[in-house]
Amino acid sequence: MHSAPSWHRFLPPAPAPRFADAGDIVVERLSTLRPARRIDIPTWAESRHLSTISYQGLWSNSFAPYMIEPSRMATSRKYRAVVFIGPARSSKSESLVLNSIGHRIECAPADTMIVCQTQGSAKEFSEKKLGQMLRANPKLVARQGTGRGADNIYSKKFDGNMNLKISWPVIGSFSQNEYVLVVLTDRDRMPDDVDGEGDPLMLAMKRTQHAGSLGMAIEESSPGRLILVDDDWKAGTPHELPPCSGIYADYNLGTRGAFYWVCPSCGDPFRPEFDRLMWETKATPGESAKTVEMICPRGCCIGPDKKFVCNEAGIWLHETSNGDEVVEIDDSSVRDTDIASYRCEGPIAAMQSWEQLVLRYLQAKSTFDLTGDDTQLKATINLDQGRNYRPQVREVGDSISEDTLRALAERYPLKIVPASARFTTVQVDIQGNRFVVQVDAHGEGLERWLIDRFDLLMPPELAPGGQRDENGNPARALDPARYIEDWDVLPELLERVYPVENSEFGLMPVAMIVDSAGRPGVTRNAYRFLRKMQRKGLGKRVFLAKGSARLDDRARYVEPEKVLQQKGRKLADIKLVFVGTNKVKDEVVLALTRKEAGPGKYHLSEHLPAQVFSEMTAEVRTESGWERRKSGLANEAFDLAVYGAALVIILKGEKIDWANPPHWALPANENSFAVRQVPGSAKSTLVHSAPARGRRVRSQGIR
């Protein structure tokens with residue numbers, strides 16, 4: 001067969017490509033040959049277009065006038081870094097991050113790196129914030145490269161040989177490449193030590209060092225660290241912040257600038273901080289927040305309507321080198337450092353009203369007072385107020401001392417349920433040769449009393465080696481890790497009756513929670529024990545605990561994802577109470593150190609064994625969480641107090657309407673776990689059954 005003819009052989013040859021024209025190249029690259037525009041960032045920003053859901057138009061420096069000076073210092077030849085601490089909704093990221101990028105692209109092209117807190121946030125910043133700014137500003141888009149690799153998520157190229165990198169805190173970002181500008185955004189959500197190589201700000205400044213006075217590092221963030229200092233710490237200079245990691249530490253290295261208002265009435269300057277907001281206490285947080293005013297140091301009242309005017313007239317003042325005075329940034333006596341640092345608080349934030357600020361605080365404070373959970377309180381202090389959070393537990397010192405607990409101990413009898421209590425719970429810790437047991441009584445508002453503490457030391461008689469000799473002693477000690485049979489001593493705790501003070505009734509425990517961790521073998525036996533209790537119908541009264549310092553929730557009742565270190569295996573037939581130990585320990589300490597009786601108070605009896613007081617104080621609060629004061633120090637009482645609090649959360653005790661409580665939290669004469677002691681007999685009889693749907697009190701008592 002003949003192949004088809006190749007017709008292209010008869011076509012005329014294609015013309016040779018035209019040589020590049022030098023004139024065209026010059027015209028195309030003319031913009032890159034222009035010298036840098038000698039304008040600062042605030043001046044450039046006024047030509048920037050904004051396109052958001054709520055606003056379309058040009059940037060206005062008057063919207064957040066407190067950002068003008070920090071932005072101006074970002075092109076200073078005197079300072080090598082600008083550090084800014086401020087609340088959310090203050091326009092700090094728009095002013096210091098996006099405006100700095102836009103200024104570089106159009107006015108002074110140079111290699112720039114933006115470091116976000118995580119890879120995910122870097123992607124979001126690139127696609128949403130940076131992408132939105134570029135789309136809204138044609139002049140910036142016109143300067144963006146069009147070649148290969150010019151517009152990726154994490155890297156972009158612009159005229160003037162400018163490379164823009166969007167990264168996150170890994171050492172690869174802070175090595176090899178040099179930049180003229182490095183911006184750290186949301187610093188307090190970054191690690192303090194990047195892959196073991198050092199502090200992010202110091203690494204950023206090192207990457208710009210080659211540029212000399214043109215190099216600049218910018219760092220901005222809302223606070224996000226805990227203040228853990230001695231209670232008697234006091235600032236040595238007007239604007240010094242407490243010793244703390246993260247951006248607080250970087251601020252203290254700088255000029256320590258603070259934003260001042262001038263009182264419209266008396267003319268005195270002062271810092272408009274959250275502590276100067278005052279409001280009337282009304283029936284609801286919303287009503288209270290509507291009465292908020294700012295009070296100057298001389299007592300003048302400044303209404304919310306004056307906020308914009310006061311911001312426009314405000315001024316940044318920085319410390320002097322001797323720390324005795326405050327001056328403007330350009331004063332020759334300003335603190336001698338190469339970092340210009342700034343800090344302001346929530347009341348000046350352009351996009352947040354005082355009413356919102358107070359409302360969120362009062363709501364978070366109410367949640368903390370009712371439940372002891374400070375998650376919302378920490379968030380509003382960090383983000384809305386612009387301050388680092390000081391854990392409430394720190395109000396009583398580094399931790400609590402044994403002497404303090406003994407001084408607070410009360411003279412009430414053990415093994416007796418106080419008359420005002422409504423239900424009891426049992427907590428069990430597992431040690432090598434014993435079960436450690438604590439029993440709590442709970443009243444309205446979850447007031448709590450520790451009413452019993454004892455150890456279970458002997459295995460059941462029917463367990464291997466459990467047979468008693470003539471003196472009543474078994475052949476071996478109890479061994480929870482080795483013998484599943486030894487766990488049979490626990491169910492009888494659910495039947496133990498504690499008499500109610502000044503009453504013919506007694507209360508059986510509503511539920512029991514048992515630690516599931518310990519020596520090898522403990523976890524396996526704990527799960528086997530729980531399954532056995534479920535088969536006996538006690539699954540609603542027996543719980544297993546698993547503590548975790550990294551858990552965000554205080555208590556979560558879910559299936560375990562990993563069992564006996566077998567990854568990928570999930571059990572659906574059991575659930576564990578996962579306990580956020582750091583948060584709950586904070587709550588326990590606050591409850592122990594409350595002096596007055598009432599909701600949330602945790603009472604200790606002076607008749608408790610001595611080790612309870614030492615175990616309750618065996619740990620100290622550090623920035624990373626609660627840790628033992630020294631290795632090997634016993635802390636069983638503290639752990640059991642935590643498990644008891646977590647158990648009540650899982651039982652939904654915090655949601656009880658005490659005017660109409662569940663049957664297991666009624667007064668003793670109506671309680672489904674109440675028993676009447678038979679005179680002259682050790683026997684007891686149930687006073688009331690649970691409601692019909694939970695008639696079997698032993699198995700379904702808390703339904």
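Any read-out appearing in this document is the output of simple, stated calculations on the displayed coordinates, not a laboratory observation. None of the values given here were measured: they were computed from a predicted structure. Quick reminder, even Gly has a Cβ in these numbers, built from the backbone with ideal geometry, and neighbours come from all protein chains shown.
Numerical summary
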item: Antiparallel DSSP beta bridges within region 37-221, as percent of all bridges there, nearest 5; result: 35 percent
item: Antiparallel bridges, percent of DSSP beta bridges restricted to region 402-658 (to nearest 5); result: 65 percent
item: Square roots of five times the Cα gyration tensor eigenvalues for region 434-505, Å; result: 31, 14, 10
item: Range of Cα positions in the chain per principal axis (Å), largest first; result: 113, 104, 47
item: Per DSSP, loop GluC sites (Glu not before Pro) in region 621-664 with at most 14 further Cβ within 10 Å; result: Glu623
item: Members of Lys378/Lys575; Lys532/Lys575; Lys365/Lys575; Lys378/Lys585; Lys415/Lys546 lying beyond 20 Å, as alpha-carbon distances in this model show; result: Lys378/Lys575; Lys365/Lys575; Lys415/Lys546
item: Using θ = phi - 60° and Karplus 6.51 cos²θ - 1.76 cosθ + 1.60, couplings along region 66-75 (whole Hz; Gly, Pro as x); result: 5, 8, 5, 5, x, 5, 5, 6, 5, 10
item: Long-range tail of P(r) for region 402-658 (Cα pairs > 25 Å, %); result: 44 percent
item: Relative contact order [Cα under 8 Å, 6+ residues apart], the chain, whole percent; result: 10 percent
item: Magnitude of the charge dipole, the chain, Cβ model with Lys/Arg +1 and Asp/Glu -1, debye to 20; result: 2860 debye
item: Fewest-first sequence of Ile451, Ile171, Ile295, Ile227 by Cβ atoms within 10 Å of each Cβ; result: Ile171, Ile295, Ile227, Ile451
item: Antiparallel content of DSSP bridges confined to the chain, in %, to 5; result: 60 percent
item: Three-way shape call for region 37-221 based on the alpha-carbon gyration tensor, with the a/c threshold at 1.5; result: rounded
item: Footprinting exposure proxy for Lys585, Lys540 (fewest neighbouring C-beta atoms within 10 Å first); result: Lys540, Lys585
item: Separation of alpha-carbon centers, region 169-246 and region 404-432, rounded to whole Å; result: 47 Å
item: Relative contact order (%) - criterion: Cα under 8 Å, at least six apart; region: region 402-658; result: 22 percent
item: Whether region 575-633 is rounded, prolate or oblate, judged on the alpha carbon gyration tensor where a/c under 1.5 counts as rounded; result: oblate
item: Stokes-Einstein D for region 196-317, Kirkwood Rh over Cα pairs, 20 °C, 1.002 mPa s (µm²/s); result: 120 µm²/s
item: Region 146-257: relative contact order as a whole-number percent, Cα under 8 Å and 6+ apart; result: 20 percent
item: Residues whose placed amide H lies under 5 Å from that of Leu184, excluding near-sequence neighbours; result: Val115, Ile218, Glu219, Glu220
item: Eligible lysines near Lys128 by straight Cα distance, threshold 17 Å, same-chain separation 8 or greater; result: Lys92, Lys156, Lys165
